[in-house]
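Chemist: One structure, pasted below without further comment.
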């Protein structure tokens, strides 16, 4: 490709911020846009986000929120499930609001998202949440790829926001990995990984890593920061502490 590669963090249905970020990076038809997942759910305009992504020809890996949304859609419309997991899906107002706003073109986009994307010209891999260090990508579980945050004391996967070591600090590439999912920590710069979830839906910012054609992700943190572009969120759309959307 002759254009740049623009990797964007978790959007969560914040269409206005996505449009602002694409304007800030001056996206062109020669550029490639890649999302780290969680493009929808919780924010105000999931259909608007997917429309923009289709317009710019963006690709996205599947995040945990897309995964839950797909599971929600596949629930039997009349059969009442008995498992706690199924009941939580049915009762999730954010999944229902998102599902009600998507058309068939939106669903086709969401349901074909892969679990990871490789960009060999950048020596780069995109996943939503993370990988277990030392495990080949084909042997990573779906749960790890979409939910991992930290490593426990035994080096196993942990989905907790606290305790243990951030997986990216122990991961050794190549390839470099770009990911999202962990807004509590925010921007993560590790030797072989870059975390781009800067909490847009929580009122913080939406961030992109912009790479020139064929360029690897810089190892030096200062140099890597020079390739980051962020726009502020217009408001907080979701209160992560109270588990509810502000009025």
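The values are calculated or read from the model by the stated rules, or taken from the named source; none is laboratory data. None of the values given here were measured: they were computed from a predicted structure. Here Cβ is always computed from backbone atoms with ideal geometry, including for glycine, and neighbour counts include all displayed protein chains.
Chemist: Regarding residue 37, is this residue buried (at least 24 other Cβ atoms within 10 Å of the Cβ), at positive phi and in a loop (DSSP other than H, G, I, E, B)?
Modeler: Working: buried (at least 24 other Cβ atoms within 10 Å of the Cβ): yes; at positive phi: yes; in a loop (DSSP other than H, G, I, E, B): yes.
Judged against the criteria, residue 37 is a match.
Chemist: Are any of the residues in segment 106-120 under 24 Å from residue 33 (Cα atoms), out of contact with any helix residue (DSSP H, G or I) (no Cβ under 9 Å at 6 or more places or on another chain), surrounded by 18 or more Cβ atoms within 10 Å (Cβ to Cβ) and touching a residue at least 12 places away in the same chain (Cβ under 8 Å)? Please lay out each step first, then the result.
Modeler: Start the filter on segment 106-120 by keeping residues that are under 24 Å from residue 33 (Cα atoms), which leaves 106-120.
Narrowing further to those that are out of contact with any helix residue (DSSP H, G or I) (no Cβ under 9 Å at 6 or more places or on another chain): 108, 112, 114, 117, 119-120.
Imposing the further condition that a residue be surrounded by 18 or more Cβ atoms within 10 Å (Cβ to Cβ) reduces the set to 117, 119.
Applying the additional criterion that residues be touching a residue at least 12 places away in the same chain (Cβ under 8 Å) yields 117, 119.
The answer is yes, given that some residue of segment 106-120 is under 24 Å from residue 33 (Cα atoms), out of contact with any helix residue (DSSP H, G or I) (no Cβ under 9 Å at 6 or more places or on another chain), surrounded by 18 or more Cβ atoms within 10 Å (Cβ to Cβ) and touching a residue at least 12 places away in the same chain (Cβ under 8 Å).
Chemist: Still on this model: Being crowded, with 20+ Cβ neighbours inside 10 Å, within 24 Å of residue 199 (Cβ to Cβ) and over 16 Å from the mean Cα position of the chain (by Cα) is the requirement here; does residue 145 meet it? Before you say what the answer is, go through the steps one by one.
Modeler: Details: crowded, with 20+ Cβ neighbours inside 10 Å: yes; within 24 Å of residue 199 (Cβ to Cβ): yes; over 16 Å from the mean Cα position of the chain (by Cα): no.
Spelling it out, it is not the case that residue 145 is crowded, with 20+ Cβ neighbours inside 10 Å, within 24 Å of residue 199 (Cβ to Cβ) and over 16 Å from the mean Cα position of the chain (by Cα).
Chemist: Now, a different point. Name every residue in segment 149-188 that is buried (at least 18 other Cβ atoms within 10 Å of the Cβ), free of Cβ contacts under 8 Å to residues at least 24 places away in the same chain and part of a loop (DSSP other than H, G, I, E, B), in order of residue number.
Modeler: none
Chemist: So, one more: For segment 191-205, which residues satisfy the criterion of being touching a strand residue (DSSP E or B) at 6+ places or on another chain (Cβ under 6 Å), part of a loop (DSSP other than H, G, I, E, B) and either touching a residue at least 60 places away in the same chain (Cβ under 8 Å) or surrounded by 23 or more Cβ atoms within 10 Å (Cβ to Cβ) (or both)?
Modeler: The initial filter retains those residues of segment 191-205 that are touching a strand residue (DSSP E or B) at 6+ places or on another chain (Cβ under 6 Å), namely 192-196, 198, 200, 205.
Still in the list and also part of a loop (DSSP other than H, G, I, E, B): 192, 196, 198.
Once the filter is applied, which keeps residues that are touching a strand residue (DSSP E or B) at 6+ places or on another chain (Cβ under 6 Å), part of a loop (DSSP other than H, G, I, E, B) and either touching a residue at least 60 places away in the same chain (Cβ under 8 Å) or surrounded by 23 or more Cβ atoms within 10 Å (Cβ to Cβ) (or both), segment 191-205 yields 196, 198.
Chemist: Sort through 32, 87 and tell me the only one that's surrounded by fewer than 23 Cβ atoms within 10 Å (Cβ to Cβ) and touching a residue at least 24 places away in the same chain (Cβ under 8 Å).
Modeler: Details: 87 fails: touching a residue at least 24 places away in the same chain (Cβ under 8 Å).
Unique residue meeting the criteria: 32.
Chemist: So residue 208 ticks every box in (1) touching a residue at least 24 places away in the same chain (Cβ under 8 Å); (2) in a loop (DSSP other than H, G, I, E, B) but one. Which box is left unticked?
Modeler: Unmet for residue 208, out of (1) touching a residue at least 24 places away in the same chain (Cβ under 8 Å); (2) in a loop (DSSP other than H, G, I, E, B): (2).
Chemist: So, one more: Could you check how many residues of segment 211-228 are touching a residue at least 24 places away in the same chain (Cβ under 8 Å) and more than 23 Å from residue 20 (Cβ to Cβ)? Walk me through it before giving the result.
Modeler: Initial filter on segment 211-228 (touching a residue at least 24 places away in the same chain (Cβ under 8 Å)): 211-217, 219, 221, 224-225, 228.
In the following step, the residues that additionally are more than 23 Å from residue 20 (Cβ to Cβ) were identified as 213-217, 219, 221.
Count: 7.
Chemist: Among the helices (runs of 4 or more DSSP H) contained in segment 80-122, which hold 1 or more residues that are over 30 Å from residue 227 (Cβ atoms) and modelled with pLDDT of 95 or more?
Modeler: Working: elements: 84-91, 93-101, 104-111.
Output list reads 93-101, 104-111.
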